Structure formats: C-alpha cells, structure tokens
Amino acid sequence: MYLVKTDSIGNLLWQRTYGWAGSDGCRSVEQTTDGGFILGGYANDPHDMYLVKTDAEGNMQWQRIFGGSGDDWCYDVQQTPDGGYILAGQYMPSANHWQGWLLKTDSNGCQLWSQMYGGEDANIFHTIQQTDDNGFVAGGYILTSGLALQMYLVRTDSLGNMLWQNNYGEQFDDACHKLLPTPDGGFLLTGNWFSIYKVDSSGNQLWWTDPTWQVSAFAYGMCQYFDGSFTLAGVCNNYDLLIIHMSGLQQAWVSLQPVNPPITIPATGGSFQFNISLTNCGTVFCRPDAWITVRLPNGQSYGPVLGPLAVPLDTAAVLSRLRFQNVPGNAPAGEYTYKAYVGTYNTAKWDSSSFTFTKLGFGIQDSEFSDWLCQGESFPGERSMNASIPSDRDLAVSPNPFNPLTVISYQLSALSHVSLKVYDTAGRLVAMLVEGMQSAGQHCVTFDGSNLPSGVYFYRLAAGQNTAVGKMVLLK
C-alpha cells in the first residue's frame, strides 16, 4: 500500500508504504475523525481484505486481515458514527464464484459482524454508504445468468441483514463504482459508461442517463452540489482522465404503452398503435428531446424512428399522443424492443420506457409497409402527418366524428398509384377503399362504418412516394 499527503497545491508533505505479505494494494482511503486515515484494500496471495489505520502523519497504528482461502478484497471502507468501520468488497468461497461482502469492525478494527450477499450469480461490492437509519447501502455489480454485468444494490439494517436488493442494466456490462444518498432518501449510482441511475429509498429505478453516450468510460467518483448539479470523474479510452459536470438532474419522464398487446406482426409486415406520454417532473418549464429507437432481434439498435423532437413542457404538464408505427415486411423475424427516451439527444437519457413486439417471419418488402414510418398525433413543433404531402394535394375527412358515413377527400397533382385503407386501433385492416391508379385532381371516397363498433379508426393514404395517416371517430 502507498499513501501520499500533499499540501493544497499538490506539493508532497509525506509518503508512506504499508504491507502484510505478498502483493498488497489500496483501493480506498478516508480521513478519520481523529485526523488520521483508514485504508482498505488487499494483502497476501491469494488476497485477503486488508485494513490499515494510521495517525495524522501516516504512521501505522494497527493493521487487520480478514478473509478465507479464496481471493478476498476490500474495495471501500467508511468510518461509521460509532467510531468503527464498515468494509465492502468481495468474498470468494470457491473458484470463479464471488459474493458481495460487508464486514463491520469496532474502532480498533476488531470484527463485529460479517455478511455475504448473492447466490449462484457472481456479486461484488465496490462502494458503501451508511443510511440515516444506521443501516447500509452497498453498490457493485452482479454477473447475471446471461453473462452480462448489471449494477447491483443492496440495503441492510444496522447488523447487515438484507432489507432489499435490486439490479439495474440499461446497457450491456453496467457496474456501480460510486453511490451517493440524495435528499429525498433515494440514491444516485454511477460506474461503467459514466451511466447514472436514480433510485428511490426502496431501490425502484426512477431514471437513468448516459452522458458519454457510446464512449467506453468508467466513473469512479461523484460529487453532488447544492444546486443539484454534479461532477463525475473517471477514465475513458486508454485510461485518459475524464471529468464531466452535469447541471441539474432529470426534468421529464416518458411513458410508452402499446394499444391491445401483445403485438404480433405478420411476415409480410404490419403496424401497431401506441400511446406516448411526456411529463414535466421539475418545477420550471423545460424543453427536453424525445426519441424512439427499435432494438432488433440481433441486439442492434435501429433509429430513431421518431425524433429527436424538442418538446416544450410547462411545469407539471403531461403531453400524450397516439401514434401509428409501421414494421416493414423485410424486417427479420424475432422479438423487438420498442423504446422511447427523454433527455438531451446524444448527451443524456433522463428516462426511458419500452415494450416488446414479435414479427413472425421474413417477408418481401411491399409498397404498404416499406419502411419504419411513425406517424399519428403530432407533437408541438413536429411536422404534422400531412406536412409530407405536397401543398397542392389536400386531405380531409368530413364529418368527423361521423355515424355511419363519412367522406375522405384528397387532391392529386399528378397521375399516381393510390392506396387508401382503414385500420382499427389494434392495427387490423377493416376496409380497403382504394387500390390502384388515379388521375390528377380532386377525389372523394365514402367510408361506411355501419358494420363496425363505435371507436377510433385510422385511415392511411399512400400516393406515389407520399404517405399520410389520420384519425377519425365513429360514434353510434
């Protein structure tokens, strides 16, 4: 172990080394209430937890070893209000199997209690904090059955008995290296990818953000300020130092709900409806970005298929829209994840919401479902669903609402192949009104809903390379 003390501008005051036997290392250091220091790390080979207490000049006062026959480490040590210490790390009961380990000592480093956490999965703790109720919350990672790392959080009482545990993984290979309590009783977690998770006092995920987007980076320190902003410090690329300052926390939530799940798309392609809602959860006006991506069956991401849109939200405002999503026939078979985000595009993800749908097979791309078109009720500032239609072609439905007849009228500027179809909210085709060539000029088509129940229906007009979707309401 190597300990250095400097003055306020980095000039060396003193340096000390400590060791037990074998290879020794320090992973955590904290100044104690008596002006000395407590160091946590590892010693021996195979490693054991290693705890060293020094005075204010770095002179060793005592040292302790804890561990079994496996590779055991201390990653974080904190002094507790009773003058003792809480250690967090890993315990290795057998080859290639780790458990999260919490160990409590008195002020002289004598063990008071020890607890292991985790079952068949590999669990390691990297960070520990004492809570207001004298319990503890420890963060690290869990290696899931799918061989992917996820952030792992455990809350205990004052004796280390587990109250709850949870894991979080918006990205592949997430791990928690630092956690902080928040004024509302929740916690902020950061680590791999510089991703930040906010959870409540029961461990429920409230939001997450990824300020580095796709950069390979690892955050090991986090500091929050009185104005709500915070700074992250760590490494990226080939261990270059990376420091990020973020002004403020999450300002909006997003909710994505499919209409009539589960959603199954035929091999030839199809469509589905969904509701998307944005909520301003802050205390001032905000204009977050909103966007939607599609995770393909092979794990790759496609899109965004919607946005990014800068959506204005007044304080406490909730903005909801009903949308219509195409799935092309040449999309591969399998399970897809349809995921909405809100935040700052390419910078921070404040919140996300998703659902899955299944495509049954691989079909031939056709003119009806030829792309990932997403249309429907417009967001403020978004081009309306008719804006892609040239100004010299009008589209209208009258009356709307109707019972049982209405007229869909549109104008073509040139000879075009026209497809006009009507769907219910489950995406099922209920009427094919036009399919063929039509000349330039005004056209009117009557839709008869006599044999249909009351409700919302969508018409889809495709003419040449242009497509429009609209909503009409049948009231009986």
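The values are calculated or read from the model by the stated rules, or taken from the named source; none is laboratory data. Source: prediction; values computed, not measured. Positions of Cβ are generated from backbone atoms using ideal geometry, with glycine treated the same way; all protein chains shown enter the neighbour counts.
Determine, yes or no, whether Met60 is farther than 30 Å from Asp133 by Cβ, of a type outside the set (D, E, K, R) and buried (at least 19 other Cβ atoms within 10 Å of the Cβ). Answer is no for this residue.
Filter segment 136-176 down to the residues that are among the hydroxyl-bearing types (Ser, Thr, Tyr) and surrounded by fewer than 17 Cβ atoms within 10 Å (Cβ to Cβ), then identify the one that is modelled with the highest pLDDT. Checked segment 136-176; the qualifying residue modelled with the highest pLDDT is Ser158.
When you look at Leu153, is it more than 15 Å from Trp101 (Cα to Cα) and in contact with a Leu (Cβ under 7 Å, 6 or more places away or on another chain), yes or no?
On the way: more than 15 Å from Trp101 (Cα to Cα): no; in contact with a Leu (Cβ under 7 Å, 6 or more places away or on another chain): yes.
Judged against the criteria, Leu153 is not a match.
Determine whether Ser301 is at pLDDT 90 or above, surrounded by fewer than 17 Cβ atoms within 10 Å (Cβ to Cβ) and either within 22 Å of Gly470 (Cβ to Cβ) or in contact with a strand residue (DSSP E or B) (Cβ under 8 Å, 6 or more places away or on another chain) (or both). Against the criterion (at pLDDT 90 or above, surrounded by fewer than 17 Cβ atoms within 10 Å (Cβ to Cβ) and either within 22 Å of Gly470 (Cβ to Cβ) or in contact with a strand residue (DSSP E or B) (Cβ under 8 Å, 6 or more places away or on another chain) (or both)), Ser301 does not qualify. Among the strands (runs of 3 or more DSSP E) confined to segment 47-100, the ones with at least 1 residues that are charged (D, E, K, R) and modelled with pLDDT of 95 or more are located at 48-54, 60-66, 73-79. Within segment 429-447, the residues that satisfy the criterion of being more than 17 Å from His417 (Cβ to Cβ) and surrounded by 12 or more Cβ atoms within 10 Å (Cβ to Cβ) are Leu429, Val430, Ala431, Phe447. Within segment 414-428, restricting attention to residues that are outside any loop (DSSP other than H, G, I, E, B) and at pLDDT below 80, which residue is surrounded by the fewest Cβ atoms within 10 Å (Cβ to Cβ)? Once the filter is applied, the top-ranked residue is His417. It is to be established whether one or more residues within segment 439-447 are of a type outside the set (Lys, Arg), under 19 Å from Trp372 (Cα atoms), modelled with pLDDT of 90 or more and not assigned by TED's automatic domain parsing to the domain that holds Gly269. The answer is no; no qualifying residue exists. Checking every residue in segment 102-113 against the condition of being touching a strand residue (DSSP E or B) at 6+ places or on another chain (Cβ under 9 Å) and under 28 Å from Thr209 (Cα atoms) gives zero matches.
Filter segment 88-122 for residues that are farther than 23 Å from Gln63 by Cα and out of contact with any Phe, Trp or Tyr (no Cβ under 6 Å at 6 or more places or on another chain) and give the result.
Keep residues of segment 88-122 that are farther than 23 Å from Gln63 by Cα, which gives 93-99, 117-122.
Of everything in segment 88-122, those that are farther than 23 Å from Gln63 by Cα and out of contact with any Phe, Trp or Tyr (no Cβ under 6 Å at 6 or more places or on another chain) turn out to be Pro93, Ser94, Ala95, Asn96, His97, Trp98, Tyr117, Gly118, Gly119, Glu120, Asp121.
Test of understanding: among Leu159, Leu179, Leu143, Leu149, which residue is aliphatic (A, V, I, L, M) and closer than 18 Å to Cys223 by Cα? Full working, then the answer.
Values: Leu159 fails: closer than 18 Å to Cys223 by Cα; Leu143 fails: closer than 18 Å to Cys223 by Cα; Leu149 fails: closer than 18 Å to Cys223 by Cα.
Only one candidate passes the filter, namely Leu179.
Checking each residue in segment 239-288 for being at pLDDT below 90, surrounded by 15 or more Cβ atoms within 10 Å (Cβ to Cβ), hydrophobic (A, V, I, L, M, F, W, C) and assigned to a strand (DSSP E or B) picks out Leu242, Ile244, Met246, Ala252, Trp253, Cys286. Cβ-Cβ contacts under 9 Å between residues 6 or more apart (or on different chains), taken from a first residue in segment 451-476 that is at positive phi and surrounded by fewer than 19 Cβ atoms within 10 Å (Cβ to Cβ) to a second residue that is modelled with pLDDT of 90 or more and part of a strand (DSSP E or B), are listed as Gly455/Val473; Gly455/Leu474. Residues in segment 101-135 that are surrounded by 13 or more Cβ atoms within 10 Å (Cβ to Cβ) and part of a loop (DSSP other than H, G, I, E, B): Asp106, Ser107, Gly109, Gly118, Asp121, Thr131, Gly135. Please go through segment 442-464 and give me each residue that is over 36 Å from the mean Cα position of the chain (by Cα) and over 15 Å from Ile408 (Cα atoms), ordered by number. Within segment 442-464, Ser450, Asn451, Leu452, Pro453, Ser454, Gly464 meet the criteria. Among the residues of segment 37-56 satisfying the criterion of being surrounded by fewer than 18 Cβ atoms within 10 Å (Cβ to Cβ) and more than 15 Å from Phe66 (Cβ to Cβ), which is nearest to the chain's Cα centre (by Cα)? Looking at the filtered set, the residue picked out is Asp45.
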